[in-house]
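These notes concern the structure reproduced below.
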Amino acid sequence: MRHLLTLEDWTPAQIAEAVAMARTIKANPEKYADVLRRKTLCMIFEKPSLRTRLSFEAGMNQMGGHAIYYDTSTSPIGAGKESIADTVRTMCRYVDIIMARLFKHEDLLEMARHTTVPLINALTNFSHPGQILADLQTIEEHKGRLAGLKLAYLGDSFNNVTHSLLFACPKMGMHLSIGCPAGKDYEPDPKAFAAARADSAKNGVAFAVTHDAAEAVRDADVVYTDSWMSYHIPKDKAGERKKIFGPYQVTAVLMKQAKPDAIFLNCLPALRGLEQTAEVIDGPQSVVFDQAENRMHMHKALMLILLKEAGTIQG
Ligand code: CP
Ligand code: NVA
């Protein structure tokens, strides 16, 4: 059974297939209006969401299926009354596919051990693969290609979005540069770092982690940042983190280090005046709402690919 747990598990061909499928669906959504008729998606949420929840739910509806929002805070699992294993084994008797947004990545792996239907990681503290697949679609749409481009990521790098970029970009032949503060709480997880180093060596592309924001962004085609206060970070860390990440704020001055036609990405939610200025996110280089839209096209593509491989729908 094929799942989407991290992009480490997916080959370049599988990533390219998802991007191509999302592009095809976006160009001709009517053609896919009935392909998931009577199919059901269960969406397990331990954390908040705007984009992931709505784009999966709207996407499922547009393809003729149904999506169930399953909030763990009002469920036996959240009340400590039922195990992950029993929850998932039960769920599989009702639904065709599951997506989960969880705190612990280990809990997602536990779900994967027990599910008999495809499972999609809709964000854990460790990784956010569906986001990065939609981001690759967005980059390709604006730049016409992925291979050979330089992506610079600024800010919190012990971070799910960063880790998924590390798993995907070097694998797809992109140069990757991370600008972040020193320290294990701010730099990429060693496993994701090692994967990026191995893939960049294999594909002959540059990969660097630097503490100099301007150096990270130099000549980039894509500048990417994410929240300094991810959903799982305690609120009382806000003041301390604002100081630590301050030098990595994406400003108009910093954007000048990138190529003149560079695009700006943020997976959202975003706070103006923190990880980027309003001038940048609301400026002409920003494509953050194309990026948000592509979540839906990508989620449709992922559900189709995984359900076909599972034999639930015909190819
Ligand atoms: N980018 C993203 O996953 O957004 P949500 O938290 O709103 O789903
Ligand atoms: N790193 C962010 C991504 C939000 C979509 C978080 O985990 O909150």
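Tabulated data for the structure shown
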{"item": "Computed [θ] at 222 nm, helices only, for the chain once each DSSP H run of length n ≥ 4 contributes -39500 (n - 2.57)", "result": "-12000 deg cm²/dmol"}
{"item": "Length-normalised contact order of segment 218-315 in % [C-alpha pairs under 8 Å, at least 6 apart]", "result": "31 percent"}
{"item": "Extended-chain gain in nm, criterion 0.36 nm per residue less alpha-carbon gap, residue 252 and residue 268", "result": "3.9 nm"}
{"item": "Residue 289 versus residue 184: modelled label distance in nm, points set 7 Å from Cα along the beta carbon direction", "result": "4.3 nm"}
{"item": "Max mean-square fluctuation residue, GNM over the chain, Cα-Cα springs under 10 Å, options 59, 183, 273", "result": "183"}
{"item": "Length released on extending from residue 279 to residue 37, taking residue separation times 0.36 nm less the Cα-Cα span", "result": "82.8 nm"}
{"item": "Gain upon complete extension [residue 16, residue 208; 0.36 nm per residue less C-alpha separation]", "result": "66.7 nm"}
{"item": "Sum of side-chain charges, residue 9 neighbourhood, beta-carbon under 12 Å (Lys, Arg +1; Asp, Glu -1)", "result": "+1"}
{"item": "Cα-projected label distance for residue 85 with residue 61, points at 7 Å along beta-carbon direction, nm", "result": "3.8 nm"}
{"item": "Cα-based reach from residue 300 at 16 Å (exclusive), listing lysines while leaving out same-chain residues under 8 positions away", "result": "26, 31, 39, 308"}
{"item": "Nearest-0.05 FRET efficiency for residue 198 and residue 259, computed from C-beta distance (R0 30 Å)", "result": "0.65"}
{"item": "Nearby lysines by direct alpha-carbon distance to residue 259 (threshold 18 angstrom, same-chain neighbours under 8 apart not counted)", "result": "143, 150"}
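Values in this text are rule-based calculations from the coordinates and carry no lab data. Please read all numbers here as calculations on a predicted model, not as lab measurements. A quick note on method: Cβ atoms are made from the backbone with ideal geometry, for glycine too, and the neighbour counts reach across all protein chains shown.
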